[in-house]
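**Student:** Let me begin by handing over the structure; questions about it come next.
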Amino acid sequence: MKLQARLSLAGLALLAACHRPAPQLPPPGPAEVAWLELQPQTIDLSTRSVAQTRANNRVEVRARVAGELVAIGFAEGDLVKKDQVLFQLDRRPFEAALAAASAQKAQATAKRDEAQRAVERKQRLVAADAAAARELEDARTALLAAQAALDAATAAEGKARLDLDYTTLRAPFDGRIGKRLRDVGALVDAGQNALLAVVQQLDPIQVVFRFSEREMLAWKRGLAEGRLTMDGGRNALQVRVTTLDGVEHPAVGEVRFLGMEVDPATGAVEVDARLANADEKLVPGQFVTATLSGLKRPSTLLVPQRAVSIGAEGASVWIVDAASKAQVRPVRLGAWHADAWIVQDGLQAGDKVVVDGVQKLVPGRPVVAAAAKPAESAAPGAAQPQQGR
């Protein structure tokens, strides 16, 4: 009996223990996070593209008459000056041709003068009824023929003089000349053997690249709607060039030509810029990276990339609300700018976006300020993480 009583008491105690409420865990304390209070700012927009350099001017020095090459006035690779003599052909055959043409012109001039005097004599005789009118007409016809012969002789003399001038080939502008393609003593002509050298102007130098149709439309639409600004029109556009080894060219270029049509094969517009290149660090045919800038976007909100989460439903950030509690806010983002996203919708000036400590957050959890991680900083130009504001 005593044993049964003890078992009954134990069972009642166990039953009471089963119905005893579980102990309640204390609510989590505030999470330590760093946030960024968004402020509107004006940012510079730019686009990068692979580009290629070209000589600002490139001229093939070609013979325009046939003759023997008797002198060369440069060393290969030299800097040459405008009108510097580059090649000299044998002048003697052309001097003889000019002398013959000048003699023919003198002969034609004499015949024309004689025909002119004949016309004047016939006019006096006809006026005195000493010659028939037909004789005067014949004299005038002879004068016209003599004048035509003189004009032909004058043209022949001019061509002979021009051919003589063509025996001296000069530099068309200041530039650098390449290899000579013919040696002294070679016979050159105005056909297959005409090319003698190439002269290129390298300062300034030309940079050619392509600007995508999508970016062009976005820039035009932004300007039309007032979301973008550009001071100075097309002249405000600037081009910076970086070579393949990562070195930025010291000179800033100006856009000299912006294509008026889209290439259907590439869907892009051609852009042509000029850069100073006095030290010839850039050479024609070089591949470089061109950065086109000049447009500004005022009243822009930027959010650091590390503060953004992108999932199946889109992009979102954690914000600190007025009650100092964490909340998830969906956002619509634009392009990258430095290490931040351009915010198009979902945030406004004054919103506090969490940049450090997001892994600690659940919706509605209180937060307190903590210092941002030194290795991670806000985008250039953005406000720095706030401490408890």
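The values are calculated or read from the model by the stated rules, or taken from the named source; none is laboratory data. All values derive from a computational prediction rather than experimental measurement. Quick reminder, even Gly has a Cβ in these numbers, built from the backbone with ideal geometry, and neighbours come from all protein chains shown. Surface areas here come from the heavy atoms of the whole protein model, side chains and all, with no ligands, DNA or RNA. Shrake-Rupley method; radii C 1.70, N 1.55, O 1.52, S 1.80 Å.
**Student:** Determine the pairs where a residue that is surrounded by 15 or more Cβ atoms within 10 Å (Cβ to Cβ), located within the range 155-172, has a partner that is hydroxyl-bearing (S, T, Y) with Cβ atoms under 8 Å apart, the partner being 6 or more residues away or on another chain.
**Tutor:** Qualifying pairs under 8 Å: E157/S102; A160/S102.
Conditions tested, residue by residue: (1) without any contact (Cβ under 8 Å) to a residue 40 or more places away in the chain; (2) among the acidic types (D, E).
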residue: V241; (1), (2): no, no
residue: E248; (1), (2): yes, yes
residue: V252; (1), (2): yes, no
residue: M260; (1), (2): yes, no
residue: P264; (1), (2): yes, no
residue: G267; (1), (2): no, no
residue: D272; (1), (2): no, yes
residue: A276; (1), (2): no, no
residue: L282; (1), (2): no, no
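**Student:** Considering only residues that are open to solvent by 60 Å² or more (accessible area, probe 1.4 Å) and touching a residue at least 24 places away in the same chain (Cβ under 8 Å), look in the range 83-104 and name the one that is farthest from F173 (Cα to Cα).
**Tutor:** Restricting to residues being open to solvent by 60 Å² or more (accessible area, probe 1.4 Å) and touching a residue at least 24 places away in the same chain (Cβ under 8 Å), the top hit is Q104.
**Student:** It is to be established whether one or more residues within the range 192-214 are surrounded by 15 or more Cβ atoms within 10 Å (Cβ to Cβ), in a loop (DSSP other than H, G, I, E, B) and over 31 Å from the mean Cα position of the chain (by Cα).
**Tutor:** Checking the range 192-214: at least one residue is surrounded by 15 or more Cβ atoms within 10 Å (Cβ to Cβ), in a loop (DSSP other than H, G, I, E, B) and over 31 Å from the mean Cα position of the chain (by Cα).
**Student:** Can you name the number of the only condition in (1) open to solvent by less than 60 Å² (accessible area, probe 1.4 Å); (2) farther than 18 Å from L169 by Cβ; (3) under 47 Å from the mean Cα position of the chain (by Cα) that L69 fails?
**Tutor:** (2)
**Student:** Could you list, ordered by first residue, the pairs with Cβ atoms under 6 Å in which the first is in the range 42-62 and more than 16 Å from A276 (Cβ to Cβ) and in contact (Cβ under 8 Å) with a residue 40 or more places away in the chain and the second is open to solvent by 40 Å² or more (accessible area, probe 1.4 Å) and among the aromatic types (F, W, Y), at least 6 apart or interchain?
**Tutor:** These pairs meet every condition: Q52/F287.
**Student:** Let me ask something else about it. Can you spot a residue in the range 298-314 that is surrounded by fewer than 13 Cβ atoms within 10 Å (Cβ to Cβ) and under 30 Å from V207 (Cα atoms)?
**Tutor:** The answer is yes; a qualifying residue exists.
**Student:** Restricting attention to the range 257-289, which residues are in a strand (DSSP E or B) and surrounded by 16 or more Cβ atoms within 10 Å (Cβ to Cβ)? Can you show your working first?
**Tutor:** Step one: of the range 257-289, the residues in a strand (DSSP E or B) are 257-258, 263, 268-275, 287-289.
Answer for the range 257-289, where residues must be in a strand (DSSP E or B) and surrounded by 16 or more Cβ atoms within 10 Å (Cβ to Cβ): A268, V269, E270, V271, D272, A273, R274, L275, V288, T289.
**Student:** I'd like to verify a number: residues in the range 215-230 that are in a helix (DSSP H, G or I) and surrounded by 14 or more Cβ atoms within 10 Å (Cβ to Cβ), how many? Break it down stepwise before answering.
**Tutor:** Within the range 215-230, the subset in a helix (DSSP H, G or I) is 215-225.
Those still in the list that are surrounded by 14 or more Cβ atoms within 10 Å (Cβ to Cβ) too: 215-216, 218-219, 222.
Number satisfying all stated conditions: 5.
**Student:** A55: of a type in the set (A, V, I, L, M), closer than 26 Å to Q286 by Cβ and in contact with a Phe, Trp or Tyr (Cβ under 6 Å, 6 or more places away or on another chain), yes or no? Break it down stepwise before answering.
**Tutor:** Details: of a type in the set (A, V, I, L, M): yes; closer than 26 Å to Q286 by Cβ: yes; in contact with a Phe, Trp or Tyr (Cβ under 6 Å, 6 or more places away or on another chain): no.
So A55 fails the test.
This table checks each residue for (1) farther than 30 Å from A145 by Cβ; (2) part of a helix (DSSP H, G or I); (3) out of contact with any Leu (no Cβ under 9 Å at 6 or more places or on another chain).
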residue	(1), (2), (3)
T53	yes, no, no
V59	yes, no, yes
R64	yes, no, no
G77	yes, no, yes
D83	yes, no, yes
F94	no, yes, no
K105	no, yes, no
A108	no, yes, no
V119	no, yes, no
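**Student:** Also, I was wondering about something else. Restricting the range 121-136 to residues that are in contact with a helix residue (DSSP H, G or I) (Cβ under 9 Å, 6 or more places away or on another chain) and part of a helix (DSSP H, G or I), which is surrounded by the most Cβ atoms within 10 Å (Cβ to Cβ)? Walk me through it before giving the result.
**Tutor:** Taking the range 121-136 as the starting set, the residues that turn out to be in contact with a helix residue (DSSP H, G or I) (Cβ under 9 Å, 6 or more places away or on another chain) are 121-123, 125-126, 130-133, 135-136.
Retained after the next criterion (residues that are part of a helix (DSSP H, G or I)): 121-123, 125-126, 133, 135-136.
Working: R121: 13, K122: 21, Q123: 14, L125: 14, V126: 17, A133: 9, E135: 15, L136: 19.
Restricting to residues being in contact with a helix residue (DSSP H, G or I) (Cβ under 9 Å, 6 or more places away or on another chain) and part of a helix (DSSP H, G or I), the top hit is K122.
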